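The structure under discussion appears below in the form of structure tokens.
The values are calculated or read from the model by the stated rules, or taken from the named source; none is laboratory data. These figures come from a predicted structure and were not determined experimentally. In this analysis, Cβ positions are derived from the backbone assuming ideal geometry, glycine residues included, and neighbour counts consider all displayed protein chains. Areas reflect the complete protein model, heavy atoms only, side chains present, ligands, DNA and RNA absent. Shrake-Rupley method; radii C 1.70, N 1.55, O 1.52, S 1.80 Å.
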Amino acid sequence: EEEEDNGASLITSQAARNHVFPILVSELVKENILTNRQGTSIMKLFSEGSTVVSAAIDVYDRDSDLGHLVQTLQAAVERTH
């Protein structure tokens, strides 16, 4: 009996998000797409369970549009400072 994943993405579950999202943010900082400050702020929002960050991940999970994810995360950070 093989289970179908019905197209479920790798970062659908919270456990997967807790593993994948910090790596993604770290890579975005390393590539100078996000600043260190932005990366730290985004991870703080993520750890606090920010609905904006969660929704941004949901959209990225569905569309795989990294540019849109980055814009949304940067906007979320700007709103908190």
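If the condition is being open to solvent by less than 80 Å² (accessible area, probe 1.4 Å), under 16 Å from Ser13 (Cα atoms) and of a type in the set (Gly, Ala, Ser), then segment 23-49 contributes only Gly49. For segment 56-67, filtering for residues that are open to solvent by 50 Å² or more (accessible area, probe 1.4 Å) and either within 19 Å of Thr80 (Cβ to Cβ) or assigned to a loop (DSSP other than H, G, I, E, B) (or both) leaves 2.
Looking at segment 68-81, can you tell me whether even one residue there is basic (Lys, Arg) and either touching a Phe, Trp or Tyr at 6+ places or on another chain (Cβ under 8 Å) or modelled with pLDDT of 90 or more (or both)? No: segment 68-81 contains no residue that is basic (Lys, Arg) and either touching a Phe, Trp or Tyr at 6+ places or on another chain (Cβ under 8 Å) or modelled with pLDDT of 90 or more (or both).
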